[in-house]
Amino acid sequence: MKDYQPNSHRSKEEASKEKKIEKVVNGKVKTRKNEGRKLANMFISEDAGNIKSYVVLDVLVPAIKKAIADIVTGGIDMLFYDGGKGNSRNRSGSKVSYRSYYDDRREEYGSEYGRKKKDKNKKDKNKKEQPEGIQAEGTFIGHPKGFGFVEIEGQDEDIFIPESDTGTAMHQDKVRIIIRNDKKEGKRQEGVVVKVLERGMPEIVGTYQLNRDFGFVISDNPKFSKDIFIPRKEAAGIKNGDKVIVVITDYGSGNKNPEGKIKENLGNIRTPGTDILAIVKSFGIPSEFPEKVMKQAQRVPDHVLDADRDGRLDLRHLQTVTIDGEDAKDLDDAISLTKEGDIYHLGVHIADVSNYVQYNSALDREALKRGTSVYLADRVVPMLPERLSNGICSLNQGEDRLALSCLMDINEKGKVVSHQIAETVINVNERMCYTDVKNILEDTDEEAKKRYDALIPMFFMMKELSGILRNSRHHRGSIDFDFPESKIILNAAGKAIDVKPYEANVATKIIEDFMLMANETVAQEYCTEEIPFVYRTHDNPDPEKVESLLTLLHNQGVKIQKAKEEITPKEIQQIIESIEGLPNEAMISRLVLRSMKQAKYTTECSGHFGLAAKYYCHFTSPIRRYPDLQIHRIIKDNLRGRLMREGRTEHYAEILD
């Protein structure tokens, strides 16, 4: 153990104090309880800020630790946190003095000193004048460094909130702010949080860290920047390193951490699967279906009833396949393709989920609540119970299934010359995977070629049409960001053992091209007829962001000129193509992507900038996306003539708004 060395630059009085400490720390005298308490009081007195001049944590003798623990109940580890540098730091890096931490904890145990000190702090805060500016309300978005931003509905640019002006606001809180009038040129508008209107995260998922008489939970979400103090009595049975869910009981203040109690222990962080479960809980993803939903799912038939076939187009004679990943179980799209002369007859057949999930039923309300299925490294959290998503709604090989089909006639230029959307019955001939289709088309797997010999002509026709459609989209200016994707490989115990690249290939491109074509065709029909509908839209980029991007590109040696005031998809496409192969290609591609707006669901058919498409919707995934399920209902009501006759148009206009 390294001996304590006194500071040679101190006064005689200070040197005297140091000698006493030196004797105790180096074990030269036996410390009596009273002497220990006296030393402890000295540590947490006005000299606490200079504690680095007295002692280093790892040489404190147990007597002093016990004496200080007696005075600051549960506070010794926080007192000397940060290696005895005189200040603790919260996760944002802000210093928290020992005195302020000591005051907060002593108030908890009834100290008049702590209470008076806190009252004084409150009065000082109340004296702080509010800045002049406009009041607004929005959602606070935290940052790991302690500052944050407030997103205001209908406003493109959020408001920057310095750390000193966040008050007690935390990530996802609804807050009232004052937007400062003194905006500086070239900088974001700043604001001050004046009131928290509603707490956005009453529960936090994080890792428990045990100290001597208390613990802290460090949030998994870095935007929740403060650690949560957990009294020992609220953490019975919790071990160091456990993943837990915490209910916040006190949101704290500037110098005092939030406080909470453990609601649920998810298991130790080293246990396989705990990290995934923590992610599920962090995002509030419901992992189990309510009993009422499961009972309704059990009543759904596991085969197509004769009554459900009535009035449907029977397409079971068509050669039809699904092409998906090897481990996919919810198969919601199938493909058929034939050719007559110069016309391709492409059928995109989508599972008719709406036949089994009735509007406003328990199944429907739960699907709406979930919104989508969630795909994680070791599991899928489905939007619908597995009896539906992997059973009657999945287009499984050799089984009759109900579908909503988009049947398109496409010429050799990639233009849809006619189409029909119909309720159908189909039967899939083969459940194909991307790898087998790719190997067949690239002539690298003789076994696959023999097994699927009857389907090979259709696969080559698919490749041919896919190329035509892709070239057509490219010609009009569709933007193709070729970012690499990865797949995490797990062993039998659920532990990650490898990360492999997930590359697009000829088979994945076939499915992508055909699904895009169906989505555009359906959207065009319903936009033209002005029927209430849900579109997937992507607005033009913000002009200011585009100008900043073009300036940066010029500095990087990429010369791009806009023909008009607003940039076009074709010009963005030219940027992507001009940087191909450059060392900074990945960086510039991401900057281009960040300059664009996010796609969203709307009831207005305003087009899709990224695809350079005038019409676009999501039609092809009703098993795992609720918007697709909703437009299937609209399409079926339209096909059956119920929209106008039964006043369903007004109904959809109302619920979609």
- Query: Within the stretch 351-360, is even one residue touching a residue at least 12 places away in the same chain (Cβ under 8 Å), farther than 21 Å from residue 305 by Cα and either touching a strand residue (DSSP E or B) at 6+ places or on another chain (Cβ under 9 Å) or in a helix (DSSP H, G or I) (or both)?
  - Reply: no
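Among the residues of the stretch 145-167, count how many are open to solvent by less than 20 Å² (accessible area, probe 1.4 Å) and not acidic (Asp, Glu).
6
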- Message: Taking the conditions exactly as written (open to solvent by 10 Å² or more (accessible area, probe 1.4 Å), farther than 22 Å from residue 483 by Cα and touching a strand residue (DSSP E or B) at 6+ places or on another chain (Cβ under 6 Å)), does residue 528 satisfy them or not?
- Response: no
- Task: Could you tell me which residue of the stretch 232-264 is least open to solvent (accessible area, probe 1.4 Å), considering only residues that are assigned to a helix (DSSP H, G or I) and basic (Lys, Arg)?
- Result: 232
- Task: Would you check which residues across the stretch 265-322 are over 30 Å from residue 433 (Cβ atoms), part of a strand (DSSP E or B) and either open to solvent by 70 Å² or more (accessible area, probe 1.4 Å) or among the hydrophobic types (A, V, I, L, M, F, W, C) (or both) and list them?
- Result: 266
- Task: Mind listing whichever residues of the stretch 620-657 are open to solvent by less than 60 Å² (accessible area, probe 1.4 Å), in a loop (DSSP other than H, G, I, E, B) and more than 17 Å from residue 357 (Cβ to Cβ)?
- Result: 641, 647
- Query: Could you say which residue among 347, 341, 371, 414 is open to solvent by less than 50 Å² (accessible area, probe 1.4 Å) and either of a type in the set (Ser, Thr, Tyr) or out of contact with any helix residue (DSSP H, G or I) (no Cβ under 7 Å at 6 or more places or on another chain) (or both)?
  - Reply: 347
- Item | Contacts under 6 angstrom Cβ, first residue in the stretch 636-657 being more than 16 Å from residue 535 (Cβ to Cβ), partner at pLDDT 85 or above and open to solvent by 40 Å² or more (accessible area, probe 1.4 Å), 6 or more apart | 648/642
- Query: For residues in the stretch 433-446 being surrounded by fewer than 14 Cβ atoms within 10 Å (Cβ to Cβ) and under 41 Å from the mean Cα position of the chain (by Cα), which is farthest from residue 320 (Cα to Cα)?
  - Reply: 444
- Task: Specify which of the listed residues (611, 591) is open to solvent by 20 Å² or more (accessible area, probe 1.4 Å) and either within 30 Å of residue 529 (Cα to Cα) or assigned to a loop (DSSP other than H, G, I, E, B) (or both).
- Result: 611
- Query: Somewhere in the stretch 182-196, is a residue assigned to a loop (DSSP other than H, G, I, E, B), open to solvent by less than 50 Å² (accessible area, probe 1.4 Å) and modelled with pLDDT under 90?
  - Reply: no
- Return the only residue of 330, 308, 342 being touching a residue at least 60 places away in the same chain (Cβ under 8 Å) and within 21 Å of residue 455 (Cα to Cα). 342
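The values are calculated or read from the model by the stated rules, or taken from the named source; none is laboratory data. No experiment lies behind these values; they were computed from the predicted model shown. FYI the Cβ positions are ideal-geometry reconstructions off the backbone, even for glycines, and counts take in every protein chain you see. Surface areas here come from the heavy atoms of the whole protein model, side chains and all, with no ligands, DNA or RNA. Shrake-Rupley method; radii C 1.70, N 1.55, O 1.52, S 1.80 Å.
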